[in-house]
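Here's the structure, in structure tokens; my notes come after.
We did not get these values from a lab; they are worked out from the coordinates using the rules stated. All of these numbers come straight from a predicted model, not from anything done at the bench. Using ideal geometry, Cβ is built from the backbone for each residue, glycine included, and neighbour counts are taken over all protein chains shown.
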Amino acid sequence: MLYLVKYTGPFGFIKPWTAVRDSETYSQQFLTPSIVAGIERKLFPELLQNDDGEIKKIVGHRLSYKQISQQQEQTQPRGWNEKGTKKNKSYERPYAILMRGVFIEPVLFLAFENKEDAETAAKQHICLCRNEDILYPDETILEVSQEEFDTNEELFPGFELVFERNEQSFLVGYNRFKENEAMHGYLKVVGTPVKSNY
């Protein structure tokens with residue numbers, strides 16, 4: 001039996017792990033192992049002691065959203081540019097505009113194996129990646145079987161990266177706690193993750 005906590009919010013962005021300084025970036029549509037571990041450490045800070053980067057309490061998740069909205073974001077580099085002559089120097093930090101494809105109304109289900117963990121999670125907010133993308137929990141904890149969570153396209157549509165290595169898996173990052181060991185997963189799609197009805 002799984003205990004599900006549903007999180008919702010107005011918008012969200014997941015930075016793809018390969019995107020460093022891309023001028024146009026769409027939100028990644030799945031959570032990587034390090035993102036799930038980060039959410040878990042926020043919900044259960046006691047896991048930070050002797051942290052090995054492994055996911056201990058969240059046994060599954062599902063992410064869906066209404067659409068991706070193009071938003072502009074103004075940035076400045078950290079360093080300063082020196083201009084002018086020796087006697088007439090000035091320093092400046094130029095501005096740049098980034099385009100971000102951001103989720104509108106994301107819905108995230110987190111699955112736990114025991115009810116106490118789900119109850120703890122249902123009392124706290126989370127962030128997908130950026131700390132301004134706050135998702136709030138639904139107070140109701142859903143109790144479902146693994147089979148229903150994996151097959152009910154009406155209630156639990158979405159993208160889920162399953163953290164296993166098989167012939168469908170692809171590289172999703174590196175575990176800095178384990179000498180940068182490669183992390184793999186395969187994408188499971190249930191139902192229609194991008195909602196078409198408003």
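Can you return the lysines within cross-link range of LYS195? Criterion is Cα-Cα under 17 Å, with same-chain partners fewer than 8 residues away left out.
LYS6, LYS66
Give or take rounding to whole Å, what are the principal axis extents of the alpha carbon atoms in the stretch 87-198, in descending order?
Extents along the principal axes, in whole Å: 74, 37, 33.
What does the charge add up to near GLU40, with Lys and Arg as +1, Asp and Glu as -1, over the other residues with Cβ less than 14 Å from its Cβ?
Details: positive: ARG41, LYS42, LYS56, LYS57; negative: GLU46, ASP51, ASP52, GLU54, GLU113, ASP117.
Net charge in that neighbourhood comes out at -2.
Kindly rank 68-74, 156-162, 9-15 from highest to lowest mean number of other beta carbons found within 10 Å of each residue.
Peptide ranking by packing, descending: 156-162, 9-15, 68-74.
Going highest first, how would you order 93-99, 45-51, 128-134 by mean Cβ packing within 10 Å? Intermediate values should be presented prior to the final figure.
On the way: 93-99: 10.7, 45-51: 9.0, 128-134: 15.3.
So the peptides 93-99, 45-51, 128-134, ranked by packing, come out 128-134, 93-99, 45-51.
Under 5 Å between amide hydrogens, which residues at least 5 positions from VAL107 or on another chain qualify, with H placed 1.01 Å from N in the peptide plane?
SER64, TYR65
If R₀ is 30 angstrom, what is the calculated FRET efficiency for the pair ASN50 and ASP22, using the beta carbon separation as r and rounding to 0.05?
0.25
Expressed as cubic angstrom per residue, what is the convex hull volume of the alpha carbon set of the stretch 38-136?
Taking only Cα atoms, the stretch 38-136 has a hull volume of 155 Å³ per residue.
Could you tally the net charge around GLU92, taking each other residue with its Cβ under 15 Å from the Cβ of GLU92, Lys/Arg +1 and Asp/Glu -1?
+3
Mind checking which of THR85, THR140, THR75 has the largest fluctuation in a GNM of the chain, springs on alpha carbons under 10 Å?
Taking springs between Cα atoms under 10 Å, the residue moving most is THR85.
Note down the nm distance, to one decimal, between modelled labels 7 Å out along Cα→Cβ at THR120 and at ALA182.
3.4 nm
Scan around MET183 for amide H atoms under 5 Å from its own, H built in the peptide plane at 1.01 Å from N, and keep only partners 5 or more places away or cross-chain.
Under 5 Å from the amide H of MET183: VAL172, GLY173, TYR174, ASN175.
Could you work out the local net charge near VAL5, counting Lys and Arg as +1, Asp and Glu as -1, over the other residues with Cβ closer than 10 Å to its Cβ?
That sum, taken over residues with Cβ under 10 Å, equals -2.
Report the trypsin sites (Lys or Arg not before Pro) located in the stretch 1-65 that are in a DSSP loop and have at most 12 other Cβ atoms inside 10 Å of their Cβ, or state none.
Passing sites in the stretch 1-65 are ARG21.
In the Gaussian network model of the chain, springs joining C-alpha atoms below 10 Å, which of PRO77, PRO16, PRO106 carries the largest mean-square fluctuation?
Looking only at PRO77, PRO16, PRO106, the largest GNM fluctuation is found for PRO77.
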